[in-house]
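The values are calculated or read from the model by the stated rules, or taken from the named source; none is laboratory data. Keep in mind that what you see is a predicted model, and the values were worked out from it rather than measured. Neighbour counts run over all protein chains shown; Cβ positions are idealised from the backbone, glycine included. Ligands, DNA and RNA are excluded from the accessible area calculation, which covers all protein heavy atoms including side chains. Shrake-Rupley method; radii C 1.70, N 1.55, O 1.52, S 1.80 Å.
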Amino acid sequence: LKDYQIYMIKNFWHKINVFWKMILIYKNWPKAVLYRLDLLPQTTILETRDNAKFRIRDRREEMSDAYVINECYLYNIHAGILPYLNKAKVGIDIGAHIGAFTIFAAKRSPARIFSFEPTPRNFKILEENIHLNHLEESIKALPMAVAGRAGEVDLFIPKNGGLATTSRKHLEIYGADVNTEIIRVPAITLGDFFSGEKIAYCDFIKMDCEGGEYDILYNLPDEIFKRIGVMTIECHADRDINELIKFLRSKNFKVEKPSEEFAEIFCINNSYTVNN
């Protein structure tokens, strides 16, 4: 077989595998499949078999909504964090988008979860999804960015709001600088947030903040690193990912990259126990 034919066969079986997983994951899987195929692209509600519900926007206007749900439920990119959820007391989601990970974690953990999303139109859907799942008591949604410095920061929002970022370089790298809206949003450092909320220990943190992870982590005091249990971080090409991994290891974290397909890294504090 020629290389092109091999590619087409692999691509076909990949799609079959994805659609089979969608059947296993979604209660209303016909709607999920039709949405993915652009045959039912309008705004709808997807429901997973763990009874999570997600409002997603019209696929013609916003393509990232279903994808971030699939990251959690279909591609399992946060699988490393699962063993640490059921006894966790505090969790933080930085770059919550429409709440896919926040709700995924809240369904599996008694933790109080702080969910940060600075993009106004994403935040609106995040709040709706928290309400849809009756999780107002366990999730606190915060319409602000986490950054390396407190105050206000520029937030760059391309037409596809899933790529919203505080890093101008991120737009250039990922080719999303067309029709970019720029707004000023409030920002807080992770250290200041720990102090303000009197967080003695945070069991888990998820970061997917489109390049903002470097600024957050490189400006975080050592004392805060000691108060974090596990982290799942989507690393972007804004800076050197290997340097970030080396940096986190110097802060007493064991760091793994579970998949070559995704840029996610999983970090566990060498001193962490679930009883902290």
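Considering only protein heavy atoms and a probe of 1.4 Å, how much of the accessible area of the stretch 24-103 is carbon and sulfur, as a whole percent? Write down the numbers at each step before the final one.
On the way: 1830 of 3310 Å².
Exposed carbon and sulfur together represent 55 percent of the surface.
Write down the accessible area per residue of the chain in Å², having rolled a 1.4 Å probe over the full set of protein chains. Let's see the in-between values first.
Details: 13440 Å² over 276 residues.
Per-residue accessible area for the chain comes out at 49 Å².
Just the number, please: carbon plus sulfur as a percent of the accessible area of the stretch 118-259, 1.4 Å probe, no ligands or DNA/RNA counted. Before the final figure, lay out each step's value.
Values: 3320 of 6630 Å².
Result for the stretch 118-259: 50 percent of the exposed heavy-atom area is carbon or sulfur.
In what order, largest first, do Met207, Met8 sit by accessible area if the probe radius is 1.4 Å? Let's see the in-between values first.
On the way: Met207 0, Met8 85 Å².
Ranked list, largest accessible area first: Met8, Met207.
Could you compute how fast the chain diffuses translationally, taking Rh as the Kirkwood radius over C-alpha pairs and applying Stokes-Einstein at 25 °C with viscosity 0.890 mPa s? Give it in µm² per second. Walk me through the intermediate numbers first.
On the way: Rh = 19.4 Å.
It diffuses with D of about 127 µm²/s by this estimate.
Please give the Cα centre distance for the stretch 209-276 versus the stretch 1-25, rounded to the nearest Å.
Rounded to whole Å, the Cα centres lie 32 Å apart.
Please work out the Cα center distance from the stretch 92-117 to the stretch 29-65, rounded to the nearest Å.
The stretch 92-117 and the stretch 29-65 have Cα centres spaced 19 Å from each other.
How much of the calculated P(r) for the stretch 80-145 lies past 16 Å, in percent of all Cα pairs?
Numbers: 777 of 2145 pairs.
Taking all Cα-Cα pairs of the stretch 80-145, the fraction more than 16 Å apart is 36 percent.
For a protection proxy built on the mean count of beta-carbon atoms within 10 angstrom, sort 131-139, 256-264 highest first, please. Write out the running numbers ahead of the final one.
Working: 131-139: 15.7, 256-264: 13.6.
Order by mean packing, descending: 131-139, 256-264.
Given a cut-off of 25 Å, name the pairs among Lys140/Lys257; Lys53/Lys257; Lys2/Lys257; Lys87/Lys198; Lys10/Lys246; Lys10/Lys169 whose C-alpha atoms lie farther apart than that in the structure shown.
The answer is Lys140/Lys257; Lys53/Lys257; Lys2/Lys257; Lys10/Lys246; Lys10/Lys169.
What's the ranking of 81-89, 163-171 by average number of surrounding C-beta atoms within 10 Å, highest first?
Numbers: 81-89: 17.6, 163-171: 21.0.
For the peptides 81-89, 163-171, the packing ranking is 163-171, 81-89.
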